[in-house]
Amino acid sequence: MMKETYFLSRTDAEGNERRMPIGIIKGATPGERITVFGGQHGTEYAGIEAAMRLFRETDPADVSGTIVVSMATHEESLMNWIQFAPTHPEIADMMLEAATGSQYIINCHGGEFTEEMHPYVICRLIGDEAAEAVAMRMARALGVGIVSLSKYRGEPPPDPSGARPAWWLWPKKGLCDKLGIPEITPEIGQVGDRDDLLMYGGIINVLKELGFLKGPAIQHPEPNVIGDRWWLTANQEGIYFPVVTVGQEVTKGTFLGEIRDYFGTVLQTVEAPDDATVMNMNIGMPVKKDGFLIWLGQF
Ligand SMILES: [Zn+2]
């Protein structure tokens, strides 16, 4: 029964050291192992805040099994305020090391500094019914009420309308595919908001549901599952002026915003392709060609 801290470390081809601060809580009674990642994207603060609070405040006397916490999975992006930072091979390798030996993964994400995010959770379906049922139980226990099932992998076929098919989100293989264990990805927090009530509270409830922490878990209703979705991008570089907000329900044809040049000429009008809810959107002023603007989901 103890807490332990250390840094995982890798040196990349250019000789730069990448570190991952890890805290391990070894519980009073033996049990399973879970890995919680915060900060794979360094400006998604809710997950980083929740991960650090989880390690700081959890008493090993209240824990069964082992909780492994990565406090800043992409340290460079956290310390340099880098948005949408790619997961370098060295980071992926450290994530694999931190998750190996665990039976469950929670990988905290959310909106970056210039992103609004409606809270939801990605539940990764890996083709193993037992693991998927556990992942769905974790997704429900998180308590955000909206789940996106990620079943398919690979890049989508080109679509003449420019829209991404429903299964585009999270096309890459994840740790759960590699390790064959349940993984959820909470998408909570936005524009620097730490939102630890929702993220931290949700993680605590998942840990209770799985038996890592004492006490009964809150039994939330089954979450809504997102069906069709639309991922809209910029036709060209410009300055973006959105007029909607996340959580807003829009109908087909609703004006969502426009891209203008510096002098006011409208370069692109963005409209809702169908009746849907705004889930996630860019609120940054500059947009590049093919850059993300907004995604909408039906549930
Ligand atoms: Zn993220």
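The values are calculated or read from the model by the stated rules, or taken from the named source; none is laboratory data. Quick caveat: nothing in here was measured; it's all calculated off a predicted structure. In this analysis, Cβ positions are derived from the backbone assuming ideal geometry, glycine residues included, and neighbour counts consider all displayed protein chains. Surface accessibility is based on the protein's heavy atoms, side chains included, excluding ligands, DNA and RNA. Shrake-Rupley method; radii C 1.70, N 1.55, O 1.52, S 1.80 Å.
What the table shows:
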read-out	value
Among the residues listed as Val191, Val246, Val206, the single one being out of contact with any Cys (no Cβ under 7 Å at 6 or more places or on another chain) and more than 16 Å from the ligand (Cβ to nearest atom)	Val206
Cβ-Cβ under 6 Å pairs, at least 6 apart or on other chains, the stretch 219-240 side free of Cβ contacts under 8 Å to residues at least 60 places away in the same chain, far side open to solvent by 30 Å² or more (accessible area, probe 1.4 Å) and among the acidic types (Asp, Glu)	Gly238/Asp261
Any strands (runs of 3 or more DSSP E) falling wholly within the stretch 197-299 and containing at least 3 residues that are under 20 Å from Glu187 (Cα atoms) and open to solvent by less than 50 Å² (accessible area, probe 1.4 Å)	229-233, 276-282, 292-297
In the stretch 181-196, the residues that are in contact with a strand residue (DSSP E or B) (Cβ under 8 Å, 6 or more places away or on another chain), of a type outside the set (A, V, I, L, M) and assigned to a loop (DSSP other than H, G, I, E, B)	Pro182, Gly189, Gln190
Filtered residue count, the stretch 111-131, keeping only those that are at pLDDT 95 or above and within 19 Å of His220 (Cβ to Cβ)	4
Close pairs from the stretch 40-57: first within 14 Å of Pro21 (Cβ to Cβ), partner among the hydroxyl-bearing types (Ser, Thr, Tyr) and within 14 Å of the ligand (Cβ to nearest atom), Cβ under 8 Å, at least 6 apart	Gln40/Thr73; Gln40/Thr87; Gly42/Ser77; Ala51/Ser70
Boolean, Thr35 is within 16 Å of the ligand (Cβ to nearest atom), assigned by TED's automatic domain parsing to the domain that holds Asp62, surrounded by 21 or more Cβ atoms within 10 Å (Cβ to Cβ) and polar (S, T, N, Q)	no
Residue within the stretch 94-104 that is under 24 Å from Leu207 (Cβ atoms), within 14 Å of the ligand (Cβ to nearest atom) and not in a loop (DSSP other than H, G, I, E, B) present	yes
Any pair with Cβ under 6 angstrom, 6 or more apart, that starts in the stretch 110-136 at a residue that is away from the ligand (no atom under 14 Å from the Cβ) and part of a loop (DSSP other than H, G, I, E, B) and ends at one that is open to solvent by 10 Å² or more (accessible area, probe 1.4 Å) and of a type outside the set (Ser, Thr, Tyr)	His118/Val246; His118/Gly247; Leu125/Glu132; Leu125/Leu149; Leu125/Lys151; Ile126/Asp177
